[in-house]
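Below is one structure, written out as structure tokens; the observations come after it.
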Amino acid sequence: MSYSLLTETESFLKAPLKHFIAGQWTSSVASENFIDVIDPSSGQKLVSVVSGDSKDVDLAVGAADAAFQSWSEITADERAELLSKLANKLEEKLDVLAQLESLDVGKAIVNASGFDIPFGIECVRYYANLATQANYEHALEIDGMEARVHRAPYGVCGFIFPWNFPFDLLMWNIMPALAAGNTVVLKPAELTPLTSLYVCQLASEVGIPDGVINAVVGTGRAVGSAIVEHPKVRRMSFTGSSSVGKQIAAMCGERPIPCKIELGGKGAAVVFDDADINNAAEQLAGAITLNTGQVCCTATRWIIHEKVYEEFLSKVTSILKATQIGPGLAEETQMGPVVSQVQKDTVLGYLDKGLNDGATLLYQGDANVSGAYEKGFYVAPYLLGGSADNVCFKEEIFGPSAYLVKFSTEEEALSLVNSLDYGLANSVFSQDLTRCNRIAEKMISGNSWINAHNVFAYGLPYGGVNKSGLGGGVNSPETFYDYLRPLTVARPIA
Ligand code: NAD
């Protein structure tokens, strides 16, 4: 059985996809290399996409540099109007975007059309609106001088993206930069370039000037590093693994240019004995099935009070058992495949590593999908438990799995949460809100959530600390101001 695609989705997937530079689909300058984009739900090729190198990056940065002056000199209201037109266009094409995102990542279509795409569109409007209200001049009260801080855009900003939330991460990162008057050169993940390229086309259709948004497709080594090293790129943003993020930050430090890195995580959830166990079980089962557990901030270390451990395990297990696994485009699918065979091998490899390291297998589901989709990259959810020394408690797996540990005291729970260098997001579940707030402040990360996990809104800053990130995070007014370069103007007065 196959799922019907909209005509526009089909036609977008027909031709080999190219870079989008200066408002045009552009072949690679030097190479004839292509990357196959695979549908994770079927394991079949969807389309080919060109694979570029530093020459294509040079072309794209040149286009972005040429577009910068006029884009930065139109008023914030004019930029906001163009971005609002883009938001309207994205809304009009929501179903195409949802299909492309679902096909590319293997994401359940209910999530793509009900959350990912609408939430990303909201981001465009959020920053368009902020741009019209922002404070670009700030007078300073200093004796003996007339002084102010003037905020201006940086110029060409570079962006490198991972494959798990291509559309939302694109919006969260490029929208504040564009709204502030910068131009953009972006590299989508080579596995999932579809919605990023489609957005470039739509931006051009609504009249965003040529060169303001450019996309170069290719590998991290050939294209990603060429963006970071290009002398005309004035600011970098990287979202991806901690290991690559450290290299990017070091490269930016050499130049030096400001750099925002949003990296991996190994989130913890602490469930106290007075928690609403139904809610905790629903939230945490959801945390590992949403996007098939390929969520940087999700909770994969479940630290459960010993008195409610069995009750929690039984409830969470029955929710996982009832979760419908299937092809991304099937309306009834709640959890699709993981993104690639490599990712499937990694996630199943961790199951073996965890067991070899002494873990107990608490639950493993069934992910058999038959027929046309049997070659998809499906992985059943699994739960391991035991000692916090286990590799599966310590390392990011990025799949539908969690590791359970029992605790008895608040101090013990906190010390387990804070035992790793990751610092992206944690949560605490209890009906005692005083305790929740106390623990929330003591968990070392960028985000602490109470009686819920994976909480997002525009205006709620989101970012990581330590091994999970550096440089300011996303989704808040601060993110917008990050893309404005502060310049002090001062005149001594007699
Ligand atoms: P990755 O680090 O392997 O790749 C991310 C991007 O970097 C890709 O576009 C890749 O081509 C590029 N890249 C790889 N090597 C490069 C190099 N040497 N120079 C320049 N670019 C290079 O990550 P991934 O596997 O695509 O994504 C999964 C990771 O992303 C997970 O660790 C996840 O936690 C993290 N992530 C973090 C956030 C966040 O907001 N903190 C959000 C989503 C994903």
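May I ask for the Rg/Rh ratio of region 94-193, computed from Cα atoms with Rh as the Kirkwood radius, given to two decimals?
1.16
Quick one: of 232/467; 260/394; 89/375, which pairs are farther than 31 Å apart, Cα to Cα?
89/375
First check a/c for region 105-258, with a ≥ b ≥ c the square roots of the eigenvalues of its C-alpha gyration tensor; if it is under 1.5, answer rounded, and if not, answer prolate when a/b is larger than b/c or oblate otherwise.
On the way: a/c = 2.04, a/b = 1.36, b/c = 1.50.
Judged from the Cα gyration tensor, region 105-258 comes out oblate (a/c at least 1.5, b/c at or above a/b).
Sorted from largest to smallest, which semi-axis lengths in Å does the alpha carbon gyration tensor of region 405-474 give for its equivalent ellipsoid, taking the root of 5 times each eigenvalue? Intermediate values should be presented prior to the final figure.
Numbers: eigenvalues 90, 49, 15 Å².
Three semi-axes, in Å: 21, 16, 9.
Just in region 347-435: which GluC sites (Glu not before Pro) are loop by DSSP and have at most 11 other Cβ atoms within 10 Å?
374
Hey, if we sort 432, 58 by accessible area with the 1.4 Å probe, largest down, what's the order?
The residues order as 58, 432, largest area first.
Could you give the accessible area per residue of region 260-307, probe 1.4 Å, as a whole number in Å²?
Roughly 22 Å² per residue, with all protein chains present.
Have a look at 323, 61, 199 and report the one farthest towards the positive end of the charge dipole of the chain, computed about the Cα centre with Cβ charges (Lys/Arg +1, Asp/Glu -1).
The listed residue farthest towards the positive side: 61.
Taking region 2-97 on its own, what percent of its Cα-Cα pair distances exceed 18 Å?
It works out to 64 percent of all Cα pairs.
As a test question: what accessible area, to the nearest 10 Å², does residue 450 have when a 1.4 Å probe is rolled over all protein chains in place?
My reading of the accessible area for residue 450 is about 60 Å².
By its C-alpha gyration tensor, with a ≥ b ≥ c as the square roots of the eigenvalues, how is the chain shaped: rounded for a/c under 1.5, else prolate for a/b larger than b/c, else oblate? Show your work: numbers first, answer last.
Numbers: a/c = 1.96, a/b = 1.28, b/c = 1.53.
It comes out oblate by the Cα gyration axes.
Work out from phi, with θ = phi - 60° and the Karplus expression 6.51 cos²θ - 1.76 cosθ + 1.60, the ³J(HN,Hα) of each residue of region 140-150, listed in order in whole Hz, and give x for Gly and Pro.
10, 8, 10, 4, x, 8, 9, 9, 7, 9, 10
Can you give the accessible area of residue 346, probe radius 1.4 Å, in Å² rounded to 10?
Surface open to solvent at residue 346 totals about 50 Å².
Taking a ≥ b ≥ c as the square roots of the Cα gyration tensor eigenvalues, with a/c under 1.5 meaning rounded and otherwise prolate when a/b beats b/c, else oblate, which class fits region 282-353?
It comes out oblate by the Cα gyration axes.
Would you mind working out the magnitude of the charge dipole of region 169-308 relative to its Cα centre, with +1 at each Lys and Arg C-beta and -1 at each Asp and Glu C-beta, to the nearest 20 Debye?
Value, rounded to 20: 660 debye.
Using helices alone, I'd like the mean residue ellipticity at 222 nm for the chain: each DSSP H run of four-plus residues gives -39500 (n - 2.57), total over residue count, nearest 500.
-11500 deg cm²/dmol
What does DSSP give for the chain in terms of the percent of beta bridges that are antiparallel, rounded to the nearest 5? Display every interim value, and only then the final one.
Working: 34 of 74 bridges.
Percentage antiparallel, nearest 5: 45.
The values are calculated or read from the model by the stated rules, or taken from the named source; none is laboratory data. Keep in mind the model is a prediction, meaning the values are calculated, not measured. Glycine also receives a Cβ, built like all others from the backbone with ideal geometry; neighbour counts cover every protein chain displayed. Ligands, DNA and RNA are stripped out before the accessible areas are found, and what is left, the full protein with its side chains, is counted by its heavy atoms. Shrake-Rupley method; radii C 1.70, N 1.55, O 1.52, S 1.80 Å.
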